[in-house]
Amino acid sequence: MRFLVDAPVPGTSRRRRADVLLRGLRIAVYVDGCFWHSCPQHQHLPRTNREWWQRKFASIVQRDHDTDRAVLAAGWTPVRVWEHEDPDEAAGRIRSLAVDLRAVT
Ligand SMILES: [Zn+2]
């Protein structure tokens, strides 16, 4: 599978870069850090400035959703991988998606 690293999805904001682009299959992979992207298993709120952190985390999650919508609108499939996920399992998930997409196209 050919891929690009750290590249914007064509037709979307160049400031929001996917971690991996599989151009032939139009799959955009984002590896989300557990702390910043509010992983349900590992998120924790810092003790100081809690309201600021809550707003910060909420804005990042909102931006992720907005990015996913823009990627879908551009005809690509966004895939979110948590930082804590096993890389082999994540790759398997993407491989399965690739098989499904190939079956459709
Ligand atoms: Zn996590």
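The values are calculated or read from the model by the stated rules, or taken from the named source; none is laboratory data. Bear in mind the structure is a predicted one, so any value in this text is a computation, not a measurement. Heads up, the Cβs are rebuilt from the backbone with ideal geometry, glycines too, and the neighbour counts pull from every protein chain shown. Areas reflect the complete protein model, heavy atoms only, side chains present, ligands, DNA and RNA absent. Shrake-Rupley method; radii C 1.70, N 1.55, O 1.52, S 1.80 Å.
Identify the residues of segment 30-49 with backbone N under 18 Å of a label point that sits 7 angstrom from the Cα of Glu83 along the Cα-to-Cβ direction, or state none.
30-48
Show me the trypsin sites (Lys or Arg not before Pro) within segment 5-105 that DSSP assigns to loop and that have at most 11 other Cβ atoms within 10 Å of their Cβ.
Values: sites: Arg14, Arg15, Arg16, Arg17, Arg23, Arg26, Arg47, Arg50, Arg55, Lys56, Arg63, Arg69, Arg80, Arg93, Arg95, Arg102; in loops: Arg14, Arg15, Arg16, Arg23, Arg26, Arg47.
Filter output for segment 5-105: Arg14, Arg15, Arg47.
With unit charges on the beta carbon (Lys/Arg positive, Asp/Glu negative), name the residue among Val99, Val9, Pro40 whose Cα is farthest towards the positive pole of the charge dipole of the chain.
After comparing all options, I get Val9.
Send over the per residue convex hull volume for the chain, Cα only, as a whole number of Å³. Provide the component values of the computation, followed by the final result.
Numbers: hull volume 11.0 nm³, N = 105.
Per-residue hull volume (Cα only) is 105 Å³.
How much of the accessible area of the chain, in percent, comes from carbon and sulfur atoms when a 1.4 Å probe is used? Provide the component values of the computation, followed by the final result.
On the way: 3730 of 7220 Å².
For the chain, the apolar C and S fraction of the accessible surface comes to 52 percent.
Is it possible to state the helix-based mean residue ellipticity at 222 nm for the chain, with each DSSP H run of 4+ residues giving -39500 (n - 2.57), the sum divided by total residues, to the nearest 500 deg cm²/dmol? What is it? Before the final figure, lay out each step's value.
Numbers: 2 runs with 42 residues, N = 105.
For the chain, the value works out to -14000 deg cm²/dmol.
Below 8 Å between Cα atoms, with a sequence gap of 6+, how large is the relative contact order for the chain in percent?
27 percent
Any idea of the accessible area per residue across the chain, 1.4 Å probe, to the nearest Å²? Working shown, then result.
Values: 7220 Å² over 105 residues.
The answer is 69 Å² per residue.
Could I have the simple spin-label model distance between Ala73 and Arg26, label points 7 Å from Cα toward Cβ, reported in nm to one decimal?
1.6 nm
Kindly work out what percent of the DSSP beta bridges joining two residues of the chain are antiparallel, to the nearest 5. Display every interim value, and only then the final one.
Details: 7 of 13 bridges.
About 55 percent, rounded to the nearest 5.
Using 1/(1 + (r/R0)^6) with R0 = 35 angstrom and r between the beta carbons of Arg102 and Gln54, what's the FRET efficiency to the nearest 0.05? Let's see the in-between values first.
On the way: r = 42 Å, r/R0 = 1.19.
E(calc), rounded to 0.05, equals 0.25.
Calculate the dipole size of segment 4-97 relative to its Cα centre from +1 charges on Lys and Arg beta carbons and -1 charges on Asp and Glu beta carbons; express the result in debye to the nearest 20.
Numbers: 15 positive and 12 negative charges, 97 e Å.
Around 460 debye, computed over segment 4-97.
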